[in-house]
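**Student:** Before I ask anything, here is the structure I am working with.
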Amino acid sequence: MRFQPLYLYANRQTSIDALNNPIYEPVQIVESVGLFSSWTSKEIALDKREVTVNNRKIITQVTKANLLLADKIKFDGLFYSINEIKGDDSSRWRILIVNRNGSESP
């Protein structure tokens, strides 16, 4: 298995504009490692949504509490949004169902 760096980002209010609207910027909250996992034919058949190249599975040991705080994940140089978190802190691994956003910036 080849683990790669995984970074979790959360949107934090950094300032306000002239009309008192909050301005949010992504801030890195956790650095860990992860691994892409493959879709099985059974998962594809049972899944209600269409599985595309933009839908991926990432395996990580990051705690569920930290995953729930994150808005975006940077993995393999690209940003993804979290669609689903499988597993909890009682198991060794969490599986993230993520969707590619289409840019290299959060």
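The values are calculated or read from the model by the stated rules, or taken from the named source; none is laboratory data. In this text, all values refer to a predicted model and were calculated from it rather than measured experimentally. For neighbour counting, all protein chains shown are included, and Cβ atoms are generated from backbone atoms with ideal geometry for every residue, glycine included.
**Student:** Output the residues belonging to the range 57-78 that are over 10 Å from Ala10 (Cβ atoms) and assigned to a strand (DSSP E or B).
**Tutor:** Lys57, Ile58, Ile59, Thr60, Ile73, Lys74, Phe75, Leu78
**Student:** Given (1) under 13 Å from the mean Cα position of the chain (by Cα); (2) surrounded by fewer than 14 Cβ atoms within 10 Å (Cβ to Cβ); (3) modelled with pLDDT of 90 or more, identify the lone condition not met by Arg12.
**Tutor:** So Arg12 meets the others, but not (1).
**Student:** A further question on this structure: What are the pairs, 6+ residues apart or on separate chains, where a residue within the range 12-23 that is under 22 Å from Lys72 (Cβ atoms) has its Cβ under 6 Å from a residue that is surrounded by 10 or more Cβ atoms within 10 Å (Cβ to Cβ) and among the charged types (D, E, K, R)?
**Tutor:** Thr14/Glu25
**Student:** Being at pLDDT 90 or above, surrounded by 11 or more Cβ atoms within 10 Å (Cβ to Cβ), among the hydroxyl-bearing types (Ser, Thr, Tyr) and touching a Lys or Arg at 6+ places or on another chain (Cβ under 6 Å) narrows it down to one of Tyr24, Tyr7, so name that one.
**Tutor:** Working: Tyr24 fails: touching a Lys or Arg at 6+ places or on another chain (Cβ under 6 Å).
Exactly one of Tyr24, Tyr7 is at pLDDT 90 or above, surrounded by 11 or more Cβ atoms within 10 Å (Cβ to Cβ), among the hydroxyl-bearing types (Ser, Thr, Tyr) and touching a Lys or Arg at 6+ places or on another chain (Cβ under 6 Å), namely Tyr7.
**Student:** Turning to a different aspect of this structure: Inspect all residues belonging to the range 65-73 and state whether any of them is at pLDDT below 85 and at negative phi.
**Tutor:** Let us first name the residues in the range 65-73 that are at pLDDT below 85, namely none.
No, because not a single residue in the range 65-73 is at pLDDT below 85 and at negative phi.
**Student:** So, in the range 73-95, exactly how many residues are of a type outside the set (Ser, Thr, Tyr) and crowded, with 19+ Cβ neighbours inside 10 Å?
**Tutor:** Keep residues of the range 73-95 that are of a type outside the set (Ser, Thr, Tyr), which gives 73-79, 82-89, 92-95.
Right, trim to crowded, with 19+ Cβ neighbours inside 10 Å and you get 73-75, 79, 94.
Number satisfying all stated conditions: 5.
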